[in-house]
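Read through the structure below, which is laid out as structure tokens, and then see the notes.
The values are calculated or read from the model by the stated rules, or taken from the named source; none is laboratory data. Just so we're clear, the structure is a prediction, and the values are computed from it rather than from any experiment. Here the Cβ positions follow ideal geometry from the backbone for every residue, glycine too, while neighbour counts run over all protein chains shown. The accessibility values were calculated without ligands, DNA or RNA, using every heavy atom of the protein model including side chains. Shrake-Rupley method; radii C 1.70, N 1.55, O 1.52, S 1.80 Å.
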Amino acid sequence: MADTVALQLDREDFLARYWQREPLLLRNALPGFTPPLDAGELAGLAMEDEVESRIIEEAGGGWLLSHGPFGETEFHRDTPWTLLVQAVDHYVPEVAELRQLVDFIPQWRIDDVMVSYAVDGGSVGPHYDNYDVFLLQGEGRRRWRVGQQCDATTALLPHDELRILRDFQCRAEYVLGPGDILYLPPGVAHWGIAEGECTTFSIGFRAPRVSDLLSRMVDARLEGLDPQWLFTDPGRNAVSRPGEISAMDLERARALALQALSAECDGRWLGELVTEAGEKTCLPEPEEAPAWSEAGAAFLDDAARVAWLEQDCAVLVFANGQSREFDGALAPAIAALCAQRQWQRAEIETLRTSAQGEALLDFLVQAACLYSD
């Protein structure tokens, strides 16, 4: 990975001008980039039961979708086709390391690294996504056409599963070679077409739905509310229509509800939500009580989602949708684990000198996040 961590990008300028605003072509973003996975290895993954994979092909003026796992004969087709394999970073450590390229964005915002292979002319059609994505070109060349801003009202072609745009308005066009990156914010239409055989590594992000944020926040507040806190309306006027809910009643009820929501609560509701395993995640079984005294190091599983939040003198640690509070003195240790995705033996020994450190190790193991070598 030494040749891929130094992304040629002015991070502050990117965040100020492009992130969630405008597409950006990063020509030669990774000079001398050597893809960590080739087409044959990707096909091998697509033959595994636990791996989510699809093949999209254009035939007879329409788009066909097939779901894996695939057999070897299914990689021989007469029409242009594309193989897409989700969450390859959960299975191939070298692909997981590509996430370091965007380590200036919080880890909890990253979804997965999808890898695609296409034959000459292969495409998934003009479409848009609801998330940010960095499209890193691996082998070969792919022509990307960038189109209009889309939303839920944008017209699509009829299809049960694919979201192909009915009308694509090309506004820019680029041919990407190895090491080039195209960044696309949410909602921007795009259409990639392979020029010869090629692979693309898509570092995708995710964002929680506002409806989910509100639901989790409300649930958290309900747990802490006094059940004897009732609706009040001192100083109200007499009514002439007894069955009516007046505008003043409605506003009073709304104000009380907002007051209840605005009261402080810890960040568990957010941390647990954003570290929950996605549909594409295949979590390992928790390791049985590792012998830490014999371990050389401890590693975060590539599929693990871990985050942390400092509050007062404590640190809340979130692991695959679970949470636990620890002494704030452990914040540097959990920060180092998230940054390095491992603890060396000396760091493990330091943690084991305290009950809280031992508890942190156990929590991460039981959450199927941490394993020993």
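Which three extents, in angstrom, do the Cα atoms of the range 74-159 have along their principal axes, listed largest first?
37, 36, 22
Putting +1 on Lys and Arg Cβ atoms and -1 on Asp and Glu Cβ atoms, find which of SER116, LEU256, ALA333 reaches farthest to the positive end of the dipole of the chain.
LEU256
Using the Karplus equation 6.51 cos²θ - 1.76 cosθ + 1.60 (θ = phi - 60°), what ³J(HN,Hα) coupling, rounded to whole Hz, does each residue of the range 212-229 give in order, writing x for Gly and Pro?
Each residue's phi maps through the Karplus curve to give 6, 4, 5, 4, 5, 5, 4, 4, 5, 5, 4, 5, x, 7, 6, x, 8, 7 Hz.
When the chain is modelled as a GNM with alpha-carbon springs shorter than 10 Å, which of PRO23, PRO106, PRO185 fluctuates the most?
Largest GNM mean-square fluctuation: PRO106.
Based solely on its DSSP helices, what 222 nm [θ] is calculated for the chain when runs of n ≥ 4 H residues each add -39,500 (n - 2.57) and the sum is averaged over all residues, nearest 500 deg cm²/dmol? Spell out each step's value before the answer.
On the way: 9 runs with 86 residues, N = 373.
-6500 deg cm²/dmol, from helical runs alone.
Over the chain, with a single point scatterer placed on each C-alpha, what log10 of the ratio I(q)/I(0) does the Debye formula yield at q = 0.06, 0.10 1/Å?
Each listed q corresponds, in turn, to -0.31, -0.77.
Is the shape of the range 263-373 rounded, prolate or oblate, going by the alpha carbon gyration tensor and its root eigenvalues a ≥ b ≥ c, with a/c under 1.5 for rounded and a/b larger than b/c for prolate?
Working: a/c = 2.04, a/b = 1.18, b/c = 1.73.
Note, shape of the range 263-373 comes out oblate.
Keeping all protein chains in position, work out how much accessible area SER262 exposes to a 1.4 Å probe, and write it in Å² to the nearest 10.
90
Classify the range 199-320 as rounded, prolate or oblate from the Cα gyration tensor: take a ≥ b ≥ c as the square roots of its eigenvalues, call it rounded if a/c is under 1.5, otherwise prolate when a/b beats b/c and oblate if not.
Values: a/c = 4.09, a/b = 2.41, b/c = 1.70.
Judged from the Cα gyration tensor, the range 199-320 comes out prolate (a/c at least 1.5, a/b above b/c).
Is the shape of the range 152-269 rounded, prolate or oblate, going by the alpha carbon gyration tensor and its root eigenvalues a ≥ b ≥ c, with a/c under 1.5 for rounded and a/b larger than b/c for prolate?
Details: a/c = 4.41, a/b = 2.46, b/c = 1.80.
Here the range 152-269 falls in the prolate category.
From the phi angles alone, apply the Karplus equation (6.51, -1.76, 1.60; θ = phi - 60°) to the range 28-34 and give each ³J(HN,Hα) in whole Hz, x where the residue is Gly or Pro.
6, 5, 10, x, x, 4, 10
Counting only other residues whose beta carbon sits under 13 Å from that of ILE348, what net charge do I get with K and R as +1, D and E as -1?
Values: positive: ARG345, ARG352; negative: GLU294, GLU347, GLU349, GLU358, ASP362, ASP373.
Net charge around ILE348: -4.
At a Förster radius of 45 Å, what calculated FRET efficiency corresponds to the Cβ-Cβ distance of ALA336 and VAL239, to the nearest 0.05? Write down the numbers at each step before the final one.
Details: r = 63 Å, r/R0 = 1.41.
The value I calculate is 0.10.
Just to make sure I understand: if all protein chains stay in place, what is the order of TRP19, TRP108 by accessible area at 1.4 Å, largest first? Walk me through the intermediate numbers first.
Working: TRP19 40, TRP108 90 Å².
I get TRP108, TRP19, largest accessible area first.
Hey, in the GNM for the chain with a 10 angstrom Cα cutoff, which one of ALA46, ALA257, ALA295 fluctuates hardest?
Largest GNM mean-square fluctuation: ALA257.
Please compute the modelled spin-label separation between LEU157 and ARG171, points set 7 Å along Cα→Cβ, answer in nm with one decimal.
Computed distance between label sites ARG171 and LEU157 equals 2.2 nm.
How high is the relative contact order of the chain? Use alpha-carbon pairs under 8 Å, at least six apart in sequence, and give a whole percent. Don't skip to the end; give the middle numbers.
Values: 697 pairs, mean separation 57.2, N = 373.
This gives 15 percent for the chain.
Equivalent-ellipsoid semi-axes (√(5λ), Cα gyration tensor) for the range 23-76, whole Å, largest first?
Values: eigenvalues 143, 70, 21 Å².
Over the Cα atoms of the range 23-76, the semi-axes work out to 27, 19, 10 Å.
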